[in-house]
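Presented below is the structure to which this report refers.
The values are calculated or read from the model by the stated rules, or taken from the named source; none is laboratory data. Fair warning: this is a prediction, and the values are worked out from it, not measured in the lab. As a convention, Cβ positions derive from the backbone with ideal geometry for all residues, glycine included, and neighbour counts pool all protein chains shown.
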Amino acid sequence: MASGAAFFDLDKTIISKSSTLAFGRPLYEAGMVNRRVLVRALVAQIVYKAFGADHDQLEKVKEQLANLTKGWDLADVKALVDDTVHAVVAPHVYVEALELIETHKAAGRRIIIVSSSPMEIVQPIADLLEIDDVIATTSKIDEGIYTGEVIFYAYADAKAEAMREFANDEGISLADSFAYSDSFTDVPMLEAVGHPVAVNPDKELREYAEERDWSIREFEHGVSLRTRLAELPKPDPALSGIALASAAGIALATYLVKRHGRHA
C-alpha cells in the first residue's frame, strides 16, 4: 500500500539563505568566481532575503547558470563543497525544519529535498541532514568538465513532474504526502500533494495559500546543525497518525548574473 512522503524546498525553507549563494566566498577563494561577482552576490543575498526573486529572474536562470559554470572541473567543485558545506550551510538551518523532518521520519514518511540549486550543492547538504533522496538541477558533465548545458532544471512545473515520477517509481502516494516551500514559483510542487504548506512565504504565495486555506508556517530560529543533530529529541509517536497542523539559490545566482550583465 502506497505511503506518503514529505517534499521540502531547500532555500528559505530548510535553510535561511540561498544554498548556491552560500558558496560564493569559497568559490571566490578557489578562483572560480571573481571579486566583482562575489560583491554582487552579497548584495543579491540582501535583496533575496527581503523580497525573494520573481518569475522572470528564475526563468532565465537555466542559461545563466550554464554560462557561469561552463568549464568548471567537477572534481574541484565537489571537493570545495565537501570541504566547506558544514561551515557555510550548517549555521543557517532552521530548528523548525529539523523538528518537522524528524516528525515525518517518525511517521514513516520518506524525506525528499526538491531544489533548483545544483545537485553538487544539494546532495552534500542532504547528507548533512541525513536525507537520502534529492531532486535538484543537473548539469551535463563531459569527461569531468561542465559543458555549459543544463540537463534538468528543477524549477516550477519541472519540480512537480519530477515529484510525480519519483512517487510513481517509489510507490508513494502524493495524496498522502506533504510539501513545503517559501516561493510562489513552487505552487506546482505544493499542488502536487495532498498537504501543501507555505513556509516563510513570499507575498504572492501567502495570498495564494490564504485563498486556498493552506497551512502557513513561519520558521525563524537558526541552529548549529552539529549540535542540533546530537540533541534533537525524538518526536511524539502520537503525531504519526495525524495530518501535521502546519507545514535558488539558484534564484540568487540568477539575480547575481542578471545584475552582472546589466552593469558589464
#### Entry: Single residue of the range 129-174 satisfying the filter (assigned to a loop (DSSP other than H, G, I, E, B) and within 19 Å of the chain's Cα centre (by Cα)) that is modelled with the highest pLDDT
ILE131
### Message
With the structure loaded, tell me whether LEU68 is at pLDDT 60 or above, under 28 Å from THR147 (Cα atoms) and in a helix (DSSP H, G or I) or whether it fails that test.
### Response
yes
### Task
Read through the list (1) of a type in the set (Lys, Arg); (2) in contact with a strand residue (DSSP E or B) (Cβ under 8 Å, 6 or more places away or on another chain); (3) over 20 Å from PHE184 (Cα atoms); (4) modelled with pLDDT under 75, then give the number of the only condition that ARG35 fails.
(2)
## Note on the structure
Across (1) among the aliphatic types (A, V, I, L, M); (2) at pLDDT below 60; (3) farther than 23 Å from ILE141 by Cα; (4) buried (at least 19 other Cβ atoms within 10 Å of the Cβ), VAL43 clears everything bar (4)
### Query
Taking the range 101-120 as the region of interest, how many residues are in contact with a Leu (Cβ under 9 Å, 6 or more places away or on another chain) and more than 30 Å from SER139 (Cβ to Cβ)?
4
